[in-house]
Amino acid sequence: MERNWEHSKVHKLNKGIPEIGLGPIDVVNIADAPLIKSVHVGAFWLDVSLTNQANYGFENTTVTKVQGLAKDPTSQTITISGRIPSLVHRADFSASSHIWLVKMNMTGEATSEFLNLMFTLKLKVILDFRNNKRYLRIYELTPSVEIDRWIIYLDGLFRENMDMTITLNRVINERWIEIWNEWEPKVLKIFAGVFLSMVKDIFDRISYDDLFLPDD
């Protein structure tokens with residue numbers, strides 16, 4: 001029998017779910033990662049790397065739908081959907097760019113907030129057998145997200161000229177949709193790693209067989 005929580009009450013994660021091995025998620029650290037890596041040819045290129053990354057707000061996640069928890073979980077894709085009212089991402093950034101004959105190197109702190117983030121995770125799994133029970137191992141996780149607004153602030157872009165930093169941040173936020181459309185694949189890759197870590201911890205600790213009542 002398949003479990004489908006579509007019409008059940010929503011599930012809030014709050015400070016994690018200790019019963020299933022999900023610890024506190026009010027602060028989620030993320031590995032260092034490149035955000036943009038350009039080919040260094042032509043009149044314009046840009047490289048941006050992120051370090052000391054952390055996300056804040058996962059504890060307010062509401063899971064609204066879970067589908068695909070069939071007796072044989074490998075027979076279909078497992079889908080998890082939910083909503084996060086505000087997800088804040090903080091990181092140190094280092095950037096280098098080349099615009100015509102001008103080369104610039106910049107470092108600073110990046111803060112961004114994703115408002116009303118709606119996510120859907122599609123998982124494909126295989127089975128591991130331990131202690132005569134089945135455990136799920138994820139071999140593919142594909143996230144998709146929708147957001148109402150993305151607010152970005154890059155501190156320290158031009159340390160010698162605060163007015164230019166403020167102006168550039170204003171332009172970025174006025175054109176945030178264009179930037180999101182361009183950066184979305186990279187951002188989703190970061191999200192995928194975060195979501196994968198969370199779900200993997202649960203599947204590693206809880207046997208899939210324990211999700212079902214014994215057959216009569």
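Okay, here's what the table says:
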item	result
Qualifying residue in region 155-174 (condition: in a strand (DSSP E or B) and among the hydroxyl-bearing types (Ser, Thr, Tyr))	no
Scope region 49-73; condition more than 18 Å from Phe119 (Cα to Cα) and under 14 Å from the mean Cα position of the chain (by Cα); matching residues	Gln53, Ala54
The lone exception for Ala54 - which of (1) of a type in the set (A, V, I, L, M, F, W, C); (2) in contact with a His (Cβ under 8 Å, 6 or more places away or on another chain); (3) modelled with pLDDT under 90; (4) open to solvent by less than 30 Å² (accessible area, probe 1.4 Å) it fails	(3)
Pairs with Cβ under 9 Å, 6+ apart, first in region 148-166 and at pLDDT 90 or above, second of a type in the set (Gly, Ala, Ser) and in a strand (DSSP E or B)	Trp150/Ser112; Ile151/Ser112; Ile152/Ala110; Ile152/Ser112; Tyr153/Ala110; Tyr153/Ser112
Count of region 110-151 residues which are among the hydrophobic types (A, V, I, L, M, F, W, C) and open to solvent by less than 40 Å² (accessible area, probe 1.4 Å)	13
Within region 121-170, tally of residues that are within 19 Å of the chain's Cα centre (by Cα), more than 18 Å from Phe203 (Cα to Cα) and among the hydroxyl-bearing types (Ser, Thr, Tyr)	2
Val39 being at pLDDT below 80 and of a type in the set (A, V, I, L, M)	yes
Evaluation of Asn116 against (1) over 16 Å from the mean Cα position of the chain (by Cα); (2) touching a residue at least 12 places away in the same chain (Cβ under 8 Å) (one fails), failing number	(1)
Residue pairs meeting the criteria (Cβ under 8 Å; at least 6 apart or on separate chains; first under 25 Å from Phe114 (Cα atoms), in region 190-206; second at pLDDT 85 or above and part of a helix (DSSP H, G or I))	Val194/Phe58; Met198/Phe58
Flag if Ile166 is crowded, with 17+ Cβ neighbours inside 10 Å and of a type in the set (A, V, I, L, M)	no
Any hit, region 20-28, residues being in a loop (DSSP other than H, G, I, E, B), modelled with pLDDT under 60, open to solvent by less than 70 Å² (accessible area, probe 1.4 Å) and farther than 23 Å from Leu117 by Cβ	yes
Unmet requirement for Asp209, which otherwise passes all of (1) surrounded by 13 or more Cβ atoms within 10 Å (Cβ to Cβ); (2) assigned to a helix (DSSP H, G or I); (3) in contact (Cβ under 8 Å) with a residue 40 or more places away in the chain	(1)
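The values are calculated or read from the model by the stated rules, or taken from the named source; none is laboratory data. Please read these numbers as outputs of a predicted model, since none were measured by experiment. Virtual Cβ from ideal backbone geometry, glycine too; neighbours counted across all protein chains shown. Ligands, DNA and RNA are stripped out before the accessible areas are found, and what is left, the full protein with its side chains, is counted by its heavy atoms. Shrake-Rupley method; radii C 1.70, N 1.55, O 1.52, S 1.80 Å.
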